[in-house]
Each structure stands twice: as C-alpha cells, then as structure tokens.
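Asks: What follows is a single structure, and I will ask about it in a moment.
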Amino acid sequence: MSNKNNKLKDNLNLSMDLNAAGKFSEASIILENYLKEEPNDYIALVNLASNYRWLGKIDKSIEVLKKSIKIKPNGAAAYNNMGNILGQLGKLDEAEDAYKKALKIDKNIEYLHENLGGTLYKLGKFSESLSIYKASRNDNPAEELQCLLALEKYDHFWKKIDELSYMPSNIKVASISAYASEKLSIEDPYPFCRNPLENILVSKVNLFDQKTLNLLKEVLSNSDNSNIDSSYQSLLSKGEQTSGNFFELLNKDLGSLFYQFINKICSGYKNKFNTNKDKIINEWPSKSYLYGWFIKMRNQGSLDYHNHNDAWVSGSVYFQIPKNLGENQAAIKFTCNYENYPKINNKKLKEKIINVKTGDIVVFPSSLYHATVPFNSESRRICYAFDLKPYN
C-alpha cells in the first residue's frame, strides 16, 4: 500500500476515534478532506452524515446520505441513518419505510430493530412493534412492556415485571413499572427504587471552600472553549449542550480533580439514602464511571422530560441560575409520567418541583423523568449534568 493510501486510512481511523469522543466537528473536517480523495467511500459518507446529524446539520446529513445510497443502493447503514433523521423530523411513515428497507438488506445492523420498533410504536402499530422488538438480537424488556400496556395486556405486563424483578436492574423497566403502578394505584413491585420522588438529594457547594470554588471557576472557563462542540439535543430549547464526555475534554489534572468532586457528590447520595432497602442502594455498582456535560440555556430556554436509561444515579451542579425570576422559573421538575407511555387512564401523576439556585446540587435516581421550567432573564442558566454509570 502506498504512503498516500496509508495516510488516508490513518485519517479515516482518526475520524472514527474523534467521533467516539464526541468531537464531531474535528471528525467531520477530517472526513470531508478524506472524501475529496475518496469521494465514493460509502462508510466515510455514512459516518460524515452521522456527524452532521449530531451537529444539528440535518440538511447536510440528508444530502450526504442520498449520495451514499446512490453509490451503494443496497447499503443498510445509510437507510438506517436516514430513518433516524426522518424520525427526528417527525416524518414517521417515511422513517418506517427507510428502516424496513434497511431490515430487508441486513437485519443485523445495530439497533435497527429498536429504531423500527420505536417508530411503529409511535405510529400506533403496537402488535407489529412488539414483534419487531422480540425479533431483535438485543433484549428490549421495557419496550415490550410498553407495547403490552398499549395493548392493555395487563396480566402479561405484571407477569413480566415480576420475572424481571429477579434479574439485574434495568432502568427503563424501573421507569415504566413506576408509571404503571402510580397510574393503577398499586404498590410498585419492581425493586430498583420504588419511591423515586422521595429519593432526590438536594445539597449545596461549600461556598467557604476556596479550593472548590477555584476548581469550579476553572472548569466553567474551560467549558467556554470555542473548540468544544455542542451536540444536537432535540429536547433542548434555546440552549447548547457540550458533546462527548466533558471530563475527558479537560486537561489531566483538572479533569481528575473535577471527577473526584462529582464522585464525592454521588457517594453523598448513597450515604444519604443508606436505609433504602431497594437495589439502588443495596446493589450500588461496585464498578462505575462518570459521564458529564454542560447545559447552557438562554432566555426562555428549557429541557423537556427525559431520563437516563444507561445510568444509575444522575445529577446536576448549578453553576449559574439567574436572579429575580418568577415562580418556579428555571426550576427542575420530576415525575414518573412520560408522554410516550400509553395513556392508561386520566389520573394525573405527582410532580415534584425544586427551585434551584447558584451553587445547588441535585442528585436523583436515573429512572426518574425530569425537565426544566422556562425562565425570563438575559442571564444564562448554566449547569453541569452527570451520570454515574455501571460498567457492563
């Protein structure tokens, strides 16, 4: 192989490493240059389209995917990615068609069944969605439970919850079990965290510890680095979210200190709720790691309801909350409700609102749905969100 070909291959591998680290802008530049030399490289085109999507450049992503499909009409990965974009745009029928084309070509594309199953669910095709989830090579117990609820197969639903209770904790299962239990006014049988609204820790940064204040000031300064990408976040309105794991974007010493600071917060949560008999405490991960990102909102900014399915506990450190706000503005709110769950009945579920201030810390079970309330201020709402994730 020539030196030129070796260099091209090295650049392609580098772009994949940058992509995995959440450095989508850098990866995109390398791929764009690579494609000037190798314009018909299907994999590079699909990867570039994926990067554009994460950067919020939807039109460019679609354009590149269309080119990749012309080059390789039987390329399943391009159709799968196209389905992701169409679903993101709310074009569910077109997304379904794209996913089914991918499935017909290669049923082993990663998460293809999950993508198609989710789209079918949103289209109200619950039985077909259930069949697709069951056909996946991955386990999808929560998605299957969601379909069973939508089909009103409650006996099957609770039987499966009981079976799953003896298996390793699944955050998605914990969420839907809490939802169904509250809706149907029964005690939650799933033992991850049966009263999540009562297991929220609110504390504060020690404002008298100058070392901590200096650490947070330096971390915040680093977050404004123009070389740090913002990741596309469909739930975020009028704001930016850093991409990748922010701990890894800091220099080694600063990253280590900040990691220790957040890890101590998670340990404080465990100690606070050490009398809880559920798995969230009793089966606290023996091996875990932290993943974090900044969220910076402008005037009227907000983040819609969501949870963190691959974490154990989640939290936020509030670097800046505007002053003189109206009632509940910029607050974080929690519930077991989720708009994508089947509407079992008209019972309104409980909601807990926490009005946060600069220096506050909030930690909660990752199964719990949370959102933020819009605010009126020319000052930004800045927080650092983090997950404690178990090693698989």
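Asks: Of the residues Leu123, Leu112, Leu116, which is surrounded by fewer than 15 Cβ atoms within 10 Å (Cβ to Cβ), within 23 Å of the chain's Cα centre (by Cα) and in contact (Cβ under 8 Å) with a residue 24 or more places away in the chain?
Replies: Leu123
Asks: Same structure again: Please specify each residue of region 138-190 satisfying the condition of being exposed (fewer than 14 other Cβ atoms within 10 Å of the Cβ), among the aromatic types (Phe, Trp, Tyr) and part of a helix (DSSP H, G or I).
Replies: Matches in region 138-190: Tyr154 only.
Asks: Scan region 218-252 residue by residue and report those that are open to solvent by 40 Å² or more (accessible area, probe 1.4 Å) and assigned to a loop (DSSP other than H, G, I, E, B).
Replies: Asp224, Asn225, Ser226, Asn227, Tyr232, Gln233, Ser234, Leu235, Asn251
Asks: Cβ contacts < 8 Å: first residue more than 24 Å from Leu216 (Cα to Cα), restricted to region 259-278; second residue assigned to a loop (DSSP other than H, G, I, E, B), any location; separation 6+ or different chain. Result?
Replies: Phe273/Asn199; Asn276/Cys193; Asn276/Asn199; Asp278/Pro191; Asp278/Phe192; Asp278/Cys193; Asp278/Arg194
Asks: Let me ask something additional. Out of (1) crowded, with 18+ Cβ neighbours inside 10 Å; (2) modelled with pLDDT of 90 or more; (3) not aliphatic (A, V, I, L, M), the odd one out for Gly255 is which?
Replies: Here Gly255 clears every test but (1).
Asks: Does region 191-217 hold any residues that are open to solvent by less than 90 Å² (accessible area, probe 1.4 Å) and of a type in the set (Asp, Glu), and which are they?
Replies: If the condition is that a residue be open to solvent by less than 90 Å² (accessible area, probe 1.4 Å) and of a type in the set (Asp, Glu), then Asp209 is the only one that fits.
Asks: Here's another thing I want to ask about it. Among the residues of region 275-314, write down those that are polar (S, T, N, Q), in contact with a Phe, Trp or Tyr (Cβ under 6 Å, 6 or more places away or on another chain) and farther than 30 Å from Asn225 by Cβ.
Replies: Hits for region 275-314: nothing passes.
Asks: Would you point out which residue out of Tyr305, Tyr318 is hydroxyl-bearing (Ser, Thr, Tyr), touching a residue at least 24 places away in the same chain (Cβ under 8 Å) and open to solvent by 10 Å² or more (accessible area, probe 1.4 Å)?
Replies: Tyr305
Asks: Looking for something buried (at least 21 other Cβ atoms within 10 Å of the Cβ) and farther than 21 Å from Thr212 by Cα - is there at least one such residue anywhere in region 378-388?
Replies: No, because not a single residue in region 378-388 is buried (at least 21 other Cβ atoms within 10 Å of the Cβ) and farther than 21 Å from Thr212 by Cα.
Asks: Let me spell it out: the conditions are (1) under 21 Å from Glu182 (Cα atoms); (2) aliphatic (A, V, I, L, M); (3) not in a loop (DSSP other than H, G, I, E, B), and Ile361 meets all of them except one. Which number is the exception?
Replies: Checking Ile361 against (1) under 21 Å from Glu182 (Cα atoms); (2) aliphatic (A, V, I, L, M); (3) not in a loop (DSSP other than H, G, I, E, B), the one that fails is (1).
The values are calculated or read from the model by the stated rules, or taken from the named source; none is laboratory data. Values in this document were obtained by computation on a predicted structure and should not be read as measured data. So basically every Cβ, Gly included, is an ideal-geometry build from the backbone, and we count neighbours across all protein chains shown. For the accessible areas, the whole protein counts, side chains as well, though only heavy atoms, and no ligand, DNA or RNA atoms are used. Shrake-Rupley method; radii C 1.70, N 1.55, O 1.52, S 1.80 Å.
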